[in-house]
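> Take this structure, written in structure tokens, and hold onto it; I'll ask about it next.
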Amino acid sequence: MSDCLFCKIIAGQIPGQLVFQDDDLIAFKDINPQAPLHVLIVPRRHIATLNDLTPADDALVGSMFRAAAGLAREHGYADRGYRTVFNTNGEAGQTVFHIHLHLLGGRALAWPPG
Ligand code: 5GP
Ligand code: ZN
């Protein structure tokens, strides 16, 4: 996807502050952090929204949550608490159409979300 911002970060064409990577995923710091820890966990393969997932992606999505939990633990937030969020399409505020799991930690997070 030549016009996708996260594909460009994955390809190294745009810099990203990487905090984790493996064969299927990368994770980098959000450019506009909403908490002391705000990381985006992103599959290397372009998938536009959660609506585009198929059963073949089940393990991939599971690995995204496991990566988030690992990063939260590394930062000392496993017991304190943290939030993982996928925004999908307009009313949820999705702005980058390459799926990404937000990991937020390091402050008390309000519920319900705004
Ligand atoms: P969404 O609104 O689609 O759920 O989340 C997109 C996220 O990507 C936002 O939190 C936004 O701050 C972040 N973002 C947008 N552009 C860039 C960028 O160029 N680099 C990084 N690291 N994050 C970005
Ligand atoms: Zn992409």
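Coordinate-derived values only; no laboratory data. Just so it is clear, the structure is predicted and the values come from calculations on it, not from any experiment. As a convention, Cβ positions derive from the backbone with ideal geometry for all residues, glycine included, and neighbour counts pool all protein chains shown.
> Quick one: check the C-alpha center-to-center distance for the range 15-35 versus the range 91-106, whole angstrom.
Taking the Cα centre of the range 91-106 as reference, the centre of the range 15-35 is 12 Å away.
> Let me ask you something else. Given the convex hull over the Cα atoms of the chain, what projected area results after averaging over all orientations, in nm²? List each step's numbers first, then the result.
Details: hull surface 29.5 nm².
For the chain, the mean projected area of the Cα convex hull comes to 7.4 nm².
> Hey, another quick one. In a shell of Cβ-Cβ distance under 11 Å around Arg44, excluding Arg44 itself, what net charge do Lys and Arg (+1) and Asp and Glu (-1) give? Show your work: numbers first, answer last.
On the way: positive: Arg45; negative: Asp22, Asp23, Asp24.
The answer is -2.
> Here's something else I'd like to know. Calculate for the chain the 222 nm mean residue ellipticity that helices alone would give, adding -39,500 (n - 2.57) per DSSP H run of length 4 or more and normalising by residue count, nearest 500 deg cm²/dmol. Each step should come with its number before you reach the end.
Working: 3 runs with 27 residues, N = 114.
Counting only the DSSP helices, I get -6500 deg cm²/dmol.
> Pairs of Cα atoms under 8 Å, at least six residues apart: use those to get the relative contact order of the chain, whole percent. Write out the running numbers ahead of the final one.
Working: 160 pairs, mean separation 33.5, N = 114.
Value for the chain: 29 percent.
> What is the angle, in °, between the Cα long axis of helix 58-74 and the longest principal axis of the Cα atoms in the chain? Nearest 10 is fine, range 0 to 90.
Once rounded, the angle reads 40 degrees.
> Taking only Cα atoms and a 10 Å spring cutoff, compute GNM fluctuations for the chain and point out the largest among Leu60, Leu25, Leu71.
Residue with maximal mean-square fluctuation among Leu60, Leu25, Leu71: Leu60.
> Treating only the Cβ of Lys, Arg, Asp and Glu as charged (+1, +1, -1, -1), what charge dipole size does the chain show about its Cα centre? Round to the nearest 20 debye. If you can, show how the numbers build up before the last one.
Values: 9 positive and 11 negative charges, 76 e Å.
Result for the chain is approximately 360 debye, rounded to the nearest 20.
> Let me ask you something else. Could you tell me the extents of the range 49-113's C-alpha atoms along the three principal axes, largest first, rounded to whole Å?
So the three principal-axis extents are 33, 27, 17 Å.
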